[in-house]
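The values are calculated or read from the model by the stated rules, or taken from the named source; none is laboratory data. Quick caveat: nothing in here was measured; it's all calculated off a predicted structure. Ideal geometry is used to build each Cβ from the backbone, glycine not excepted, and the neighbour counts take in all protein chains shown. The accessibility values were calculated without ligands, DNA or RNA, using every heavy atom of the protein model including side chains. Shrake-Rupley method; radii C 1.70, N 1.55, O 1.52, S 1.80 Å.
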2 protein chains.
Amino acid sequence: MTRSAAPDPPRRTGERRARIGGRSERVVRDVLQAAAAELGKVGYAALRVENVAAAAGVNKTTVYRRWPAKADLVAAAIREMRGPAQAPPDTGSLRGDLLHLIREYAARAASPEKKILARMLTVEQDHPEVKQLVRALREEHQAPWLAVIRRAAARGELRPGSDPRLIQEAITAPVFSRLFRHDEPVDDAYLGALVDLVARGAESSR
Amino acid sequence: MTRSAAPDPPRRTGERRARIGGRSERVVRDVLQAAAAELGKVGYAALRVENVAAAAGVNKTTVYRRWPAKADLVAAAIREMRGPAQAPPDTGSLRGDLLHLIREYAARAASPEKKILARMLTVEQDHPEVKQLVRALREEHQAPWLAVIRRAAARGELRPGSDPRLIQEAITAPVFSRLFRHDEPVDDAYLGALVDLVARGAESSR
């Protein structure tokens, strides 16, 4: 389904929002999509803002006005691909919360763009700007995980001295490895067994 | 310290072994080292056996005689870098065995060659020969892990229905992620806490 650039009768939901944003919103979307595609093709180091602007059909000054540095543009493109930040879920139990988060992670991570991106960032991680970007994105990614784990700790559900980041890593890293390193499917039974294994190890009692 | 190719007086330990193998053993070592270096530089797809032969100072037919296909040469080079296959440890406890294995993994994984290699293989994993090679290497890597976990299961130490591969992945994947994706140090306290977390989740009782 494509979206016409020309105004048409206000039939669809979201039409009002598109109207308010208008051309500027469309430009942002086109530039970020072009940046993501270019990033997948050539990686961070070789990405040229001029080429992104050309692919999006806009002037490069238009791009620079909104994103003064390449790092800003790439960060915005990745955040756009990733979608809005996740609020920490509240299913009523630590296992329920962790399962919710890892299901979302697996569902998002399985997209082809994410795959290309993850590889690029693995290969280019020694680039100082990539390093900084990866660190910032990682912190954003971890935030809802740390929130639900700390909430469970505050309720006394975790063993004293539990490390929230370790718990998060023990659940997300195996899923990343399967999807990106070994190209193996991750089904819901796998996710459930993984959450059970790690949560059981972290919980203060059974 | 370089090793002279010309025969010299038998003073050093290992001299006898070198004598027995002689030139042929030296050729193997030089070719495999050159193949590993080339792999780190250009990756699998772009690696040319001719260039490896030239870098090792041998004729390409010498290389082809021993390793008929590029995949054979690369597999041999990686196995040489990795060192001899690990026998499953037997420390007397599952946690002791797992800690032994993850310490060895972290120590080996931290070498610069391994880092280059891991990234290459992450990026080139869609190449059919790389896929096959990675699968074979992964199975070799998993073997001692599965052996110690199955032994613990046979002793009744694990919860019924425990998945040995899941346990192995929950321990190795976070270490891989820290070292290769996030360039973060992994110290012994981290390894101990990770093994405790996952083993506690897998054990049938505390």
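Assorted remarks:
- Residue match in the stretch A:98-112 (condition: away from chain B (no Cβ under 14 Å), in contact with a helix residue (DSSP H, G or I) (Cβ under 9 Å, 6 or more places away or on another chain), in a loop (DSSP other than H, G, I, E, B) and more than 19 Å from A:Arg165 (Cβ to Cβ)): yes
- Remark: pairs (first residue in the stretch B:166-178, within 21 Å of B:Ser111 (Cα to Cα) and more than 7 Å from every other protein chain (Cβ to nearest Cβ); second residue open to solvent by 10 Å² or more (accessible area, probe 1.4 Å) and of a type outside the set (A, V, I, L, M); Cβ separation under 7 Å; 6+ apart in sequence or on different chains) = B:Thr172/B:Tyr105; B:Val175/B:Tyr105; B:Arg178/B:Glu184.
- The selection criterion, being farther than 30 Å from A:Leu158 by Cβ and surrounded by 17 or more Cβ atoms within 10 Å (Cβ to Cβ), holds for A:Gln125.
- Qualifying positions in the stretch B:26-64 - at pLDDT below 95, open to solvent by 70 Å² or more (accessible area, probe 1.4 Å) and farther than 23 Å from B:Val130 by Cα: B:Arg26
- B:Arg181 vs. criteria buried (at least 19 other Cβ atoms within 10 Å of the Cβ), free of Cβ contacts under 8 Å to residues at least 12 places away in the same chain and either within 11 Å of chain A (Cβ to nearest Cβ) or under 14 Å from B:Ser93 (Cβ atoms) (or both): yes
- Residues that are in contact (Cβ under 8 Å) with a residue 40 or more places away in the chain and open to solvent by 60 Å² or more (accessible area, probe 1.4 Å), drawn from the stretch B:91-122: B:Arg95, B:Arg103, B:Ala110, B:Glu113, B:Ile116
- When A:Ile78 is tested against (1) open to solvent by 20 Å² or more (accessible area, probe 1.4 Å); (2) of a type outside the set (S, T, N, Q); (3) in contact with a Leu (Cβ under 7 Å, 6 or more places away or on another chain), just one condition goes unmet, and that condition is (1).
- Filter pass, B:Glu15 being within 22 Å of the chain's Cα centre (by Cα) and at pLDDT below 90: no
- Residue within the stretch A:185-205 that is under 14 Å from A:Ala106 (Cα atoms), within 9 Å of another protein chain (Cβ to nearest Cβ), open to solvent by 40 Å² or more (accessible area, probe 1.4 Å) and not in a helix (DSSP H, G or I) present: no
- Of all the residues in the stretch B:135-162, those that are open to solvent by 70 Å² or more (accessible area, probe 1.4 Å) and of a type in the set (Gly, Ala, Ser) number 2.
- Breaking point among (1) open to solvent by 60 Å² or more (accessible area, probe 1.4 Å); (2) within 14 Å of chain B (Cβ to nearest Cβ); (3) outside any helix (DSSP H, G or I); (4) over 21 Å from A:Ser177 (Cα atoms), for A:Gln132: (3)
- Screening the candidates B:Ala53, B:Ala46 for the property of being over 24 Å from B:Ile167 (Cα atoms), of a type in the set (A, V, I, L, M) and touching a Ser or Thr at 6+ places or on another chain (Cβ under 9 Å) yields one hit, B:Ala53.
- Some residue of the stretch A:143-154 being more than 11 Å from chain B (Cβ to nearest Cβ), more than 21 Å from B:Leu194 (Cα to Cα) and in contact with a Gly (Cβ under 7 Å, 6 or more places away or on another chain): no
- Unique match (being more than 9 Å from chain A (Cβ to nearest Cβ) and touching a strand residue (DSSP E or B) at 6+ places or on another chain (Cβ under 8 Å)) among B:Glu139, B:Glu157: B:Glu157
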